[in-house]
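What follows is a short report on a single structure.
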Amino acid sequence: MKLTHFLSAATLSLALVFLVTQFAVGQDRATNETRVSPNASVSQTIGTTQVTITYGRPSVNDRQVFGGLEPFGEVWRTGANEATTITFSDDVMIEGEPLEAGTYGLFTIPSKDQQWTVIFNNVAQQWGAFDYDSGEDALRVEVTPEEGSHMEQLMFYFEDVSENSGTAIVHWSDVKVPFTIEPAS
C-alpha cells in the first residue's frame, strides 16, 4: 500500500509539474509575439565596465518623429514598449557626472533647438514613461543632438570606444543624441 501511495503522489507531482511547465511555455509564447517595434539589445565594454542597453525599435513610418510623435519638452521612454534600460557593471561617469553601477530606466527629453536631457531613472522596469517619476531620477545630463542620416528604426550604438571612454548614440529619424560614458576612477 505504501508503494502505491508513493507512486500516486509521484504521478500527481509529475502531472502538476507538466501542467505548470505547459502553462509557463504558453505564457512565454504569448509574450514572444511579433512586435511592430521589435526588441533589441547592444553591449559594449568600456575599460572593464560592461554597458548594456535594451530597448524597443520603433520605425519612422513616414511620421514626423521629434516635435510630432515624440513631443518636444516631454519625457520620452527613448524607444518603444517597455522603458529602455541601461546597465553598468561598475560605477561610471556620464558626461562627467558620477553614476553608480546598476540598471536604470533610460529616458530623454527631446528639444527642438536646445540641448536634450538624458535621464537615468532608478525604476528600470516600467511600461513606457506613463508612470515615470522624476523623484526617482539618479542622474540627468544635458547633451547636444546632432544631425544624422535617416535611420528608419531607432538604434543605439557606440562610437569612439577606448579603455577610458565611449560614446553611446541614440539615432532615430535624422537625429543622433550622443552621451559619453567613462569608467569611474
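In the set (1) open to solvent by 20 Å² or more (accessible area, probe 1.4 Å); (2) not in a strand (DSSP E or B), E147 fails one condition alone, (2).
Filtering the stretch 58-75 to residues that are under 20 Å from I119 (Cβ atoms) and modelled with pLDDT of 85 or more leaves P58, V65, E70, F72, G73, E74, V75. For G73, the conditions (1) at negative phi; (2) in contact (Cβ under 8 Å) with a residue 12 or more places away in the chain; (3) surrounded by fewer than 19 Cβ atoms within 10 Å (Cβ to Cβ); (4) not in a strand (DSSP E or B) are fulfilled apart from (1).
Across the stretch 99-116, the qualifying residues are those that are small (G, A, S) and assigned to a strand (DSSP E or B), and the one among them that is most open to solvent (accessible area, probe 1.4 Å) is G102. Scanning the stretch 150-168 for residues that are open to solvent by less than 40 Å² (accessible area, probe 1.4 Å) and closer than 17 Å to F88 by Cβ yields F156, F158, S165, G166, T167, A168.
Scanning the stretch 50-70 for residues that are within 20 Å of V161 (Cα to Cα) and open to solvent by less than 10 Å² (accessible area, probe 1.4 Å) gives V51, I53. Evaluation of A138 against the conditions (1) over 19 Å from V42 (Cα atoms); (2) over 12 Å from the mean Cα position of the chain (by Cα); (3) open to solvent by 50 Å² or more (accessible area, probe 1.4 Å) shows that the sole unmet condition is (3). Based on this model, can you work out whether Q44 counts as open to solvent by 50 Å² or more (accessible area, probe 1.4 Å), over 23 Å from D133 (Cα atoms) and at pLDDT 95 or above? The answer is yes for Q44. Here the condition is being part of a loop (DSSP other than H, G, I, E, B), of a type in the set (D, E) and more than 12 Å from the chain's Cα centre (by Cα); of D131, D174, it holds for D131 alone. Against the test of being buried (at least 18 other Cβ atoms within 10 Å of the Cβ), part of a loop (DSSP other than H, G, I, E, B) and out of contact with any Leu (no Cβ under 8 Å at 6 or more places or on another chain), the options A80, A124 yield a single qualifying residue, A124. Filtering I94, I119, I86 for residues that are surrounded by 14 or more Cβ atoms within 10 Å (Cβ to Cβ) and within 10 Å of the chain's Cα centre (by Cα) leaves a single hit, I86. Within the stretch 154-171, residues that are within 18 Å of P183 (Cα to Cα) reach partners that are open to solvent by 10 Å² or more (accessible area, probe 1.4 Å) and β-branched (V, I, T) with beta carbons closer than 6 Å, at six or more positions or on different chains, in the pairs E159/T167; D160/T167; S165/T180; T167/T180.
The values are calculated or read from the model by the stated rules, or taken from the named source; none is laboratory data. Predicted, not measured: the structure shown is a model, and the values here were computed from it. FYI the Cβ positions are ideal-geometry reconstructions off the backbone, even for glycines, and counts take in every protein chain you see. Areas reflect the complete protein model, heavy atoms only, side chains present, ligands, DNA and RNA absent. Shrake-Rupley method; radii C 1.70, N 1.55, O 1.52, S 1.80 Å.
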